[in-house]
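What follows is a single structure, written as structure tokens, with notes after it.
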Amino acid sequence: MAKTEHSTCPVHNLERDYNPFVDPQLNDPFPVWALARSESPVFHSDVLDAWVVSRYRDIVEVLRNPGVFGSVAARKMFARDCPEADAILAELPPLEVTNPLASEPPIHTKLRRYLQPAFMPQRVAAWESNLSGIAHSIIDTFESRGHGDFHADYAYRYPLVVVCRLIGLPAEYQDQVKEWASMRVDLRNADLDPEQQLVAARAQIDYYEFTLDLVTQRRTNPGDDLLSWIIQDSDSSDDPLTDAQLASQATSLLTAGHETTSYWLTITMRRLLQNRELWAAMAADAATRNAVLEEALRLDGPVQSIWRKTKTEVELGGVTIPAGARVSVVLASGNLDAEKFEAPEEFRLDRANATHHVTFGRGIHTCVGAGIARLEGRVSLEALATRLPKLRLASDGGGLTFKSSATQRIPQQLFVEWM
């Protein structure tokens, strides 16, 4: 199977030179992760002001130990000081009591309690025909053109339509939700200047008020949608969620429910089209498509790093991390650890432990939407391979570049042809 080609690593001092915000690490982070795994699996990054964890077994230890490695409740992590934006963001309910990813037990347990039933396997499976219909309807809009930007034409649109349908959100709000969600991601993960922060902060107020109103609408006129189920389950319980918590659930679902899948589809398509034999085999054989999914999730997971904060001093990988330190848990590096995966840079359809990747996390914060994300990926591969068997990268190689982020791999475009 194909092996990924990467540039050589120019880093000489990880503590000083590790910088996922800029090239060459932005567009090709694999060499620096390999260097870290082999020479310094746990190190402090001056740029991130965080301890970076790059090896699979250390990553799993962090994720399974929330008593020591706690959540990071922050609406912005790397943006420069901007008191005006901070004052606006302070008007929002605290993340640690409204957001499952930013909260700790017992609040985290309560927030997850109403999310998990909505993503039970039988409910996810029931959506397969709907997801397939959405995929084919989107392909209908550009198939006759013969060329385009895969990210804009399909990967951007498909998961956005899916999550809005799941939530029961009318189509006319989709582009607005996308804009709000993108600003939410940028505010947390990018180095925005003060003016950009102000715009993004005001947008978060609008986003929250929108979802708060959506909760009121669904409570008054419930539908057969995920948000209505959560509200009904909560309102009928002895320990219901507050309206702020319900609005935050809606915001998180709308954002996380499409952003990462959009990134993954674009990055994965680039990899598959770099190996035309693999694409041809997948177009001809459904069983091959199923095998491709997990290996693509392992190699091209869209979440580069997740964040934790130490509650006490702790030793990890032979290194002492002080209490109160920020920790960058590089999931994408762990998925390439040769200690866990044989020939990890190769795309192997017969890999016995491909599902052992940490793309969806581990422990209490494991991605609750992993099932629907897998289904979206499988449905997309099937629809695209069936409808566009001649799909190939444009003559310039697709022109894939990434937006600056230390948390997610955010592709900008991918130019393709299919006639």
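What's the extension gain from residue 342 to residue 386 if we count 0.36 nm per residue and subtract their Cα-Cα distance?
On the way: separation 44, 0.36 × 44 = 15.84 nm, distance 3.12 nm.
Here the segment from residue 342 to residue 386 would lengthen by 12.7 nm.
For a footprinting-style exposure proxy, rank 77, 183 by other Cβ within 10 Å, fewest first. Mind dumping the intermediate values first?
Values: 77 18, 183 22.
With the sparsest Cβ surroundings first, the list reads 77, 183.
In whole percent, what relative contact order does the range 160-279 give with Cα contacts below 8 Å and a gap of six or more residues?
Working: 86 pairs, mean separation 40.5, N = 120.
The normalised contact order for the range 160-279 reaches 34 percent.
Compute, for the chain, the length of the dipole vector about the Cα centre, with Cβ point charges of +1 (Lys, Arg) and -1 (Asp, Glu) only. Units Debye, rounded to 20.
Magnitude of the dipole: close to 820 debye.
Compute the FRET efficiency between residue 213 and residue 90 as 1/(1 + (r/R0)^6), taking r as their Cβ-Cβ distance and R0 = 25 Å, and round to the nearest 0.05.
0.75
Between 190, 205, 156, whose Cα lies farthest towards the positive end of the dipole of the range 149-215 when Lys and Arg beta carbons carry +1 and Asp and Glu beta carbons carry -1, centred on the Cα centre?
Of the options given, the answer is 156.
Pop out the ³J(HN,Hα) list for the range 353-365 in order, Karplus 6.51 cos²θ - 1.76 cosθ + 1.60 with θ = phi - 60°, rounded to Hz; leave Gly and Pro as x.
Computed from phi, the couplings for the range 353-365 are 10, 4, 6, 7, 4, 10, 4, 9, x, 8, x, 5, 9 Hz.
What is the extension gain from residue 286 to residue 191, computed as 0.36 nm multiplied by their sequence separation minus the C-alpha to C-alpha distance, in nm to one decimal?
Details: separation 95, 0.36 × 95 = 34.20 nm, distance 4.25 nm.
In short, 29.9 nm is gained.
Could you go through the range 272-286 in sequence order and give the Karplus-derived ³J(HN,Hα) for each residue, using 6.51 cos²θ - 1.76 cosθ + 1.60 with θ = phi - 60°, rounded to whole Hz, and x for Gly and Pro?
Karplus-based 3J(HN,Hα) across the range 272-286 equals 5, 7, 6, 10, 4, 5, 5, 5, 5, 5, 5, 5, 9, 9, 4 Hz.
Under 8 Å for C-alpha pairs, at least 6 residues apart: give me the relative contact order for the range 51-146, rounded to a whole percent.
That works out to 17 percent.
Does anything in the range 106-144 have its amide N under 20 Å from the 7 Å Cα→Cβ label point of residue 175, and if so which residues?
137-143
Between residue 315 and residue 81, how high is the FRET efficiency from 1/(1 + (r/R0)^6) when r is the Cβ-Cβ distance and R₀ = 22 Å? Nearest 0.05.
Calculated transfer efficiency: 0.10.
Sorted from fewest to most neighbouring beta carbons within 10 Å, what does the list 229, 307 look like? Intermediate results must be reported in sequence, preceding the final value.
Values: 229 18, 307 21.
Arranged by neighbour count, lowest to highest, 229, 307 become 229, 307.
Between residue 205 and residue 64, with labels modelled 7 Å along Cα→Cβ, what's the label distance in nm to one decimal, could you check?
Using points 7 Å along Cα→Cβ, the separation is 4.6 nm.
Say R0 is 22 Å: what FRET efficiency, to the nearest 0.05, do residue 198 and residue 242 get from their beta-carbon distance? Before the final figure, lay out each step's value.
Values: r = 28 Å, r/R0 = 1.27.
That gives a FRET efficiency of 0.20.
If you average over every viewing direction, what projected area does the convex hull of the Cα atoms of the range 250-371 give, in nm²? Could the numbers behind the result be given before it?
On the way: hull surface 37.2 nm².
Result: 9.3 nm².
In the range 332-358, which residues have a backbone nitrogen under 17 Å from the label point lying 7 Å from residue 27's Cα in the Cα-to-Cβ direction?
none
Hey, got the dipole for the range 164-313? About the Cα centre, +1 on K and R Cβ, -1 on D and E Cβ, debye to the nearest 20?
Roughly 520 debye for the range 164-313.
Relative to the present Cα-Cα distance, how much length would full extension add between residue 130 and residue 17 at 0.36 nm per residue of separation?
Taking residue 130 through residue 17 to full extension adds about 36.0 nm, to one decimal.
Find, among the GluC sites (Glu not before Pro) in the range 64-148, those assigned to loop by DSSP (not H, G, I, E, B) with at most 10 other beta-carbon atoms within 10 angstrom.
Here the sparse-neighbourhood loop sites are 91.
Need one number: the % of Cα-Cα pairs in the range 283-337 sitting beyond the 17 Å mark.
Roughly 56 percent, rounded to a whole number.
Would you mind telling me which residue in 173, 156, 114 has the biggest mean-square fluctuation in a Gaussian network model of the chain, where springs connect alpha carbons within a distance under 10 angstrom?
Most flexible of the set in this elastic network: 173.
Sticking with the crude label model, points 7 Å out along Cα→Cβ, report the distance from residue 57 to residue 137 in nm, one decimal please.
5.0
Distance between Cα centroids, the range 291-349 to the range 77-145: provide it in whole Å.
Comparing the Cα centres of the range 291-349 and the range 77-145, I get a distance of 22 Å.
Considering Cα pairs under 8 angstrom that are at least six residues apart, work out the relative contact order of the range 341-419 and quote it in whole percent.
21
Just so you know, all these numbers are worked out from the coordinates, no wet-lab data involved. Just so it is clear, the model here is predicted, and its values are computed rather than measured. In this analysis, Cβ positions are derived from the backbone assuming ideal geometry, glycine residues included, and neighbour counts consider all displayed protein chains.
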